[in-house]
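Okay, so here's the structure we're looking at.
The values are calculated or read from the model by the stated rules, or taken from the named source; none is laboratory data. Computed from a predicted structure; not experimentally measured. Every residue, glycine among them, receives a Cβ derived from its backbone with ideal geometry; neighbour counts consider all protein chains shown.
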């Protein structure tokens, strides 16, 4: 599957967000950087670097799904696609209920353009809750995808 073609199809959906997963140290960040370099309409949010750059970051154990949701919806960037890389340090502190809340938001609640005109791409390590989710777009394509499903950027 070609990532650019998939992304273009996903941008036509009412529910645009999707998840890309693969094991740790498998090239996910390099993929995210290539996506940003290839498409000027992509903003790369390295969540771990974002937290490290904050003068007074909130305690990680208190940064739950609702806090992440508020952060993402408040981003004031001109790009229409936001790739969220390195969220695992945060997800690893969450209980399964928080992960299920994120999945429900991505799968059902986050609507475009009703909630935002942005498309969110979450790039995560394989995770028992997040990577096993099973939902599809209108083209019959999964919206939770293993990185190796993409043949090219």
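Odds and ends about this structure:
- Residue within the stretch 62-70 that is touching a strand residue (DSSP E or B) at 6+ places or on another chain (Cβ under 6 Å), in contact (Cβ under 8 Å) with a residue 40 or more places away in the chain and either under 21 Å from residue 110 (Cα atoms) or not in a helix (DSSP H, G or I) (or both) present: no
- Qualifying position, being farther than 21 Å from residue 147 by Cβ, touching a residue at least 24 places away in the same chain (Cβ under 8 Å) and more than 16 Å from the chain's Cα centre (by Cα), among 55, 59, 40: 40
- All of (1) at pLDDT below 95; (2) in contact with a strand residue (DSSP E or B) (Cβ under 7 Å, 6 or more places away or on another chain); (3) within 19 Å of residue 1 (Cβ to Cβ) hold for residue 24 with one exception: (3).
- Within the stretch 71-97, the set of residues being assigned to a loop (DSSP other than H, G, I, E, B), under 15 Å from residue 130 (Cβ atoms) and in contact with a strand residue (DSSP E or B) (Cβ under 8 Å, 6 or more places away or on another chain) comprises 86, 87.
- Among the residues examined, residue 36 qualifies as assigned to a helix (DSSP H, G or I), surrounded by 15 or more Cβ atoms within 10 Å (Cβ to Cβ) and touching a strand residue (DSSP E or B) at 6+ places or on another chain (Cβ under 9 Å).
- Residue in the stretch 10-19 that is touching a helix residue (DSSP H, G or I) at 6+ places or on another chain (Cβ under 7 Å), modelled with pLDDT of 95 or more and not in a loop (DSSP other than H, G, I, E, B) present: yes
- Breaking point among (1) more than 18 Å from residue 131 (Cα to Cα); (2) touching a residue at least 60 places away in the same chain (Cβ under 8 Å); (3) surrounded by fewer than 19 Cβ atoms within 10 Å (Cβ to Cβ), for residue 27: (1)
- For the stretch 39-61, filtering for residues that are in a helix (DSSP H, G or I) and farther than 30 Å from residue 12 by Cβ leaves 7.
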